[in-house]
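K.L.:
Let me give you the structure first, and then I'll get to my questions.
The values are calculated or read from the model by the stated rules, or taken from the named source; none is laboratory data. Keep in mind that this is a model prediction, so the values were computed, not measured. Using ideal geometry, Cβ is built from the backbone for each residue, glycine included, and neighbour counts are taken over all protein chains shown. All accessible areas refer to the heavy atoms of the entire protein, side chains included, with ligands and DNA or RNA removed. Shrake-Rupley method; radii C 1.70, N 1.55, O 1.52, S 1.80 Å.
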Amino acid sequence: KPIPQALLIPQKATFEILDQTYVYVIDDSGTVRQRRIVVSDELEDVFVVGEGLDAREKIVLEGLRSVRTGMTVEYDFEEPTVAFASLKNHAE
């Protein structure tokens, strides 16, 4: 199903608290912040983000259980094409 100009994120980068969906965003100084997002559509392995996230922001993809808001982390940036390549559905 075509969704023009959609902001896609892997579902595994999200977590839920009381029926709200969240991601961890990493700022320019490497500090992790919890951010609520609104999912506008759901595909297998992928969420379409309707609100709460900008396409230029970096999110935590692996190790969600190891980070907390306010932590400073070192990370390896993974290009979106690489991150989506291991998912069941192909997303561009």
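K.L.:
So the check is Cβ under 8 Å with 6+ separation or different chains; which pairs have a first residue in region 50-63 that's more than 14 Å from Q34 (Cα to Cα) and at pLDDT below 90 and a second one that's open to solvent by less than 60 Å² (accessible area, probe 1.4 Å) and assigned to a loop (DSSP other than H, G, I, E, B)?
P.N.:
Cβ pairs passing all conditions: none.
K.L.:
Among (1) surrounded by fewer than 15 Cβ atoms within 10 Å (Cβ to Cβ); (2) under 12 Å from the mean Cα position of the chain (by Cα); (3) in contact (Cβ under 8 Å) with a residue 24 or more places away in the chain, there is one condition R36 misses while meeting the rest; what is its number?
P.N.:
(3)
To keep it simple, each residue is scored yes or no on (1) farther than 14 Å from Y24 by Cβ; (2) surrounded by 11 or more Cβ atoms within 10 Å (Cβ to Cβ).
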site	(1), (2)
S40	yes, yes
V48	yes, yes
R65	no, no
D76	yes, no
A83	yes, yes
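K.L.:
A follow-up question, please. Could you please give the count of residues in region 1-24 that are assigned to a helix (DSSP H, G or I) and polar (S, T, N, Q)?
P.N.:
Residues in region 1-24 being assigned to a helix (DSSP H, G or I) and polar (S, T, N, Q): 1 in total.
K.L.:
Pairs, please: C-beta under 9 Å, at least 6 apart or cross-chain, first residue farther than 14 Å from G63 by Cα and of a type in the set (D, E, K, R) and in region 15-26, second modelled with pLDDT of 95 or more and open to solvent by 70 Å² or more (accessible area, probe 1.4 Å)?
P.N.:
Matching pairs, first to second residue: none at all.
K.L.:
While we're looking at this one, here's another question. Can you tell me how many residues within region 54-89 are closer than 14 Å to Q11 by Cα and either in a loop (DSSP other than H, G, I, E, B) or of a type outside the set (F, W, Y) (or both)?
P.N.:
13
K.L.:
Do you know which residues across region 29-45 are in contact with a Lys or Arg (Cβ under 9 Å, 6 or more places away or on another chain) and at pLDDT below 95?
P.N.:
D41, L43, E44, D45, listed by residue number.
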